[in-house]
Amino acid sequence: MRNNGMMKEIVDSQETTLLITADQVVIHDGVIREKPTTPEEARKFIQGYSQSHAATIGSVLVTNVKTGTRREGWDKSEVYFHKIPNEVVESLIEEGNVFYVAGGLLVEHPLTSPLVEAIVGTIDSVMGLPKALTEQLIKDSLQEP
(Lines give C-alpha, C1' and ligand atoms only; values in the text may rest on other atoms or scores of the structure.)
Protein backbone atom coordinates (compact mmCIF):
# COMPACT_ATOMS: atom_id res chain seq x y z
CA MET A 1 0.00 0.00 0.00
CA ARG A 2 2.87 2.31 0.78
CA ASN A 3 4.54 1.66 -2.57
CA ASN A 4 1.49 2.41 -4.70
CA GLY A 5 0.59 5.67 -2.99
CA MET A 6 -2.66 4.54 -1.39
CA MET A 7 -1.36 5.35 2.08
CA LYS A 8 0.69 8.49 1.32
CA GLU A 9 -1.50 10.78 3.43
CA ILE A 10 -1.33 8.41 6.39
CA VAL A 11 2.40 7.77 6.07
CA ASP A 12 3.11 11.51 5.77
CA SER A 13 0.91 12.32 8.79
CA GLN A 14 2.31 12.89 12.28
CA GLU A 15 -0.41 10.66 13.75
CA THR A 16 -0.10 6.93 14.30
CA THR A 17 -2.45 4.76 12.25
CA LEU A 18 -2.95 1.08 13.02
CA LEU A 19 -4.41 -1.42 10.60
CA ILE A 20 -6.05 -4.34 12.41
CA THR A 21 -6.86 -7.49 10.46
CA ALA A 22 -8.24 -10.76 11.73
CA ASP A 23 -9.45 -14.10 10.45
CA GLN A 24 -10.87 -17.25 11.95
CA VAL A 25 -11.52 -20.89 11.20
CA VAL A 26 -13.51 -23.53 13.03
CA ILE A 27 -12.12 -27.00 13.71
CA HIS A 28 -14.57 -29.88 14.09
CA ASP A 29 -13.52 -33.53 14.20
CA GLY A 30 -10.05 -32.52 13.05
CA VAL A 31 -11.33 -30.74 9.92
CA ILE A 32 -10.87 -27.02 9.24
CA ARG A 33 -14.15 -25.32 8.38
CA GLU A 34 -14.42 -22.01 6.59
CA LYS A 35 -17.72 -20.29 5.78
CA PRO A 36 -20.31 -22.75 4.41
CA THR A 37 -21.15 -22.11 0.76
CA THR A 38 -24.36 -24.10 0.34
CA PRO A 39 -27.38 -24.90 2.50
CA GLU A 40 -26.29 -28.54 2.50
CA GLU A 41 -22.84 -27.68 3.79
CA ALA A 42 -24.28 -25.35 6.46
CA ARG A 43 -26.69 -28.09 7.55
CA LYS A 44 -23.85 -30.62 7.81
CA PHE A 45 -21.73 -28.19 9.84
CA ILE A 46 -24.44 -27.17 12.30
CA GLN A 47 -25.85 -30.67 12.75
CA GLY A 48 -22.30 -31.87 13.45
CA TYR A 49 -22.04 -29.51 16.43
CA SER A 50 -25.14 -31.03 18.04
CA GLN A 51 -24.15 -32.75 21.31
CA SER A 52 -20.54 -32.19 20.31
CA HIS A 53 -17.98 -29.42 20.30
CA ALA A 54 -15.96 -27.23 17.96
CA ALA A 55 -12.85 -25.14 18.38
CA THR A 56 -12.27 -21.69 16.94
CA ILE A 57 -8.80 -20.54 15.98
CA GLY A 58 -8.53 -16.82 15.38
CA SER A 59 -5.55 -14.77 14.29
CA VAL A 60 -5.00 -11.05 14.64
CA LEU A 61 -2.42 -8.87 12.92
CA VAL A 62 -1.84 -5.25 13.97
CA THR A 63 0.24 -3.16 11.57
CA ASN A 64 1.58 0.30 12.33
CA VAL A 65 1.04 1.80 8.89
CA LYS A 66 3.58 4.58 9.39
CA THR A 67 6.48 2.38 10.55
CA GLY A 68 5.48 -0.93 8.98
CA THR A 69 5.89 -2.65 12.37
CA ARG A 70 3.67 -5.71 12.74
CA ARG A 71 2.51 -7.65 15.77
CA GLU A 72 0.58 -10.88 15.42
CA GLY A 73 -0.97 -13.57 17.53
CA TRP A 74 -3.64 -16.23 17.71
CA ASP A 75 -6.25 -17.46 20.15
CA LYS A 76 -8.21 -20.67 20.56
CA SER A 77 -11.58 -21.27 22.20
CA GLU A 78 -13.89 -24.27 22.36
CA VAL A 79 -17.68 -24.41 22.27
CA TYR A 80 -19.70 -27.35 23.61
CA PHE A 81 -23.30 -27.76 22.46
CA HIS A 82 -26.41 -29.46 23.71
CA LYS A 83 -28.63 -31.12 21.10
CA ILE A 84 -29.41 -28.70 18.26
CA PRO A 85 -32.97 -29.38 16.98
CA ASN A 86 -33.49 -29.64 13.21
CA GLU A 87 -35.95 -26.72 13.36
CA VAL A 88 -33.16 -24.51 14.67
CA VAL A 89 -30.77 -25.70 11.96
CA GLU A 90 -33.32 -24.97 9.23
CA SER A 91 -34.20 -21.55 10.67
CA LEU A 92 -30.54 -20.55 10.80
CA ILE A 93 -30.02 -21.62 7.19
CA GLU A 94 -33.16 -19.79 6.08
CA GLU A 95 -32.01 -16.57 7.80
CA GLY A 96 -28.71 -16.86 5.94
CA ASN A 97 -26.26 -15.41 8.47
CA VAL A 98 -24.51 -18.79 8.79
CA PHE A 99 -23.02 -18.23 5.33
CA TYR A 100 -21.00 -15.25 6.56
CA VAL A 101 -19.20 -16.85 9.52
CA ALA A 102 -16.52 -19.51 9.83
CA GLY A 103 -18.03 -22.95 10.25
CA GLY A 104 -21.54 -21.46 10.20
CA LEU A 105 -21.01 -21.07 13.94
CA LEU A 106 -23.24 -18.42 15.55
CA VAL A 107 -23.04 -18.88 19.32
CA GLU A 108 -24.48 -15.42 20.00
CA HIS A 109 -27.63 -16.00 17.94
CA PRO A 110 -30.87 -16.13 20.01
CA LEU A 111 -31.67 -19.59 18.58
CA THR A 112 -28.28 -21.11 19.37
CA SER A 113 -27.11 -19.34 22.53
CA PRO A 114 -29.47 -21.37 24.77
CA LEU A 115 -27.99 -24.52 23.20
CA VAL A 116 -24.41 -23.71 24.21
CA GLU A 117 -23.44 -25.98 27.08
CA ALA A 118 -20.06 -24.37 27.74
CA ILE A 119 -17.38 -22.15 26.27
CA VAL A 120 -13.73 -22.75 27.10
CA GLY A 121 -12.13 -19.42 26.33
CA THR A 122 -13.95 -16.18 25.66
CA ILE A 123 -17.09 -15.33 23.70
CA ASP A 124 -15.26 -12.54 21.83
CA SER A 125 -12.68 -15.08 20.68
CA VAL A 126 -15.41 -17.44 19.49
CA MET A 127 -17.02 -14.53 17.63
CA GLY A 128 -13.79 -13.78 15.78
CA LEU A 129 -11.88 -10.98 17.49
CA PRO A 130 -10.27 -11.87 20.82
CA LYS A 131 -10.26 -8.60 22.81
CA ALA A 132 -7.39 -9.32 25.18
CA LEU A 133 -5.10 -10.47 22.37
CA THR A 134 -6.04 -7.51 20.17
CA GLU A 135 -5.49 -5.03 23.00
CA GLN A 136 -2.07 -6.53 23.76
CA LEU A 137 -1.03 -6.42 20.10
CA ILE A 138 -2.16 -2.78 19.84
CA LYS A 139 -0.17 -1.92 22.96
CA ASP A 140 2.89 -3.77 21.63
CA SER A 141 2.65 -2.07 18.23
CA LEU A 142 2.61 1.38 19.87
CA GLN A 143 5.83 0.70 21.79
CA GLU A 144 9.04 2.12 20.38
CA PRO A 145 10.83 -0.58 18.35
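The table below gives the values:
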quantity	calculated
Rg to Rh quotient for region 91-145, alpha carbon positions, Kirkwood Rh	1.15
Calculated [θ] (222 nm, deg cm²/dmol) that DSSP helices of n ≥ 4 give over the chain, each run adding -39,500 (n - 2.57)	-8000 deg cm²/dmol
Apportionment of accessible area to carbon and sulfur, the chain, percent (1.4 Å)	52 percent
Residue-normalised accessible area of the chain, expressed per residue, 1.4 Å probe, Å²	61 Å²
Spatially near lysine pairs across the chain, Cα under 27 Å, sequence gap of 8 or more or different chains	13
Distance between region 25-73 and region 100-145 - C-alpha centres, whole angstrom	11 Å
Cubic angstrom per residue, convex hull over Cα atoms of region 20-88	102 Å³
Contour excess over end-to-end distance, with Cα ends at SER52 and THR122 and 0.36 nm allotted per residue	23.4 nm
About the Cα centre, charge dipole magnitude for region 1-101 (Lys/Arg +1, Asp/Glu -1 at Cβ), debye	420 debye
Cα-derived Rg over Rh, computed across the chain with Rh taken as Kirkwood radius	1.10
Degrees, to the nearest 10: 131-142 long Cα axis against longest axis of the chain	10 degrees
Sequence-distant residues sharing a close amide H with LYS35 (under 5 Å, placed H)	GLY103
Total formal charge among the other residues, if their Cβ is under 14 angstrom from that of THR37, Lys/Arg +1 and Asp/Glu -1	+1
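The values are calculated or read from the model by the stated rules, or taken from the named source; none is laboratory data. Since this is a predicted model, take the numbers as computed values, not measurements. Positions of Cβ are backbone-derived with ideal geometry, glycine not excepted, and every protein chain shown enters the neighbour counts. Accessible surface is based on the protein model in full, side chains and every heavy atom, while ligands, DNA and RNA are left aside. Shrake-Rupley method; radii C 1.70, N 1.55, O 1.52, S 1.80 Å.
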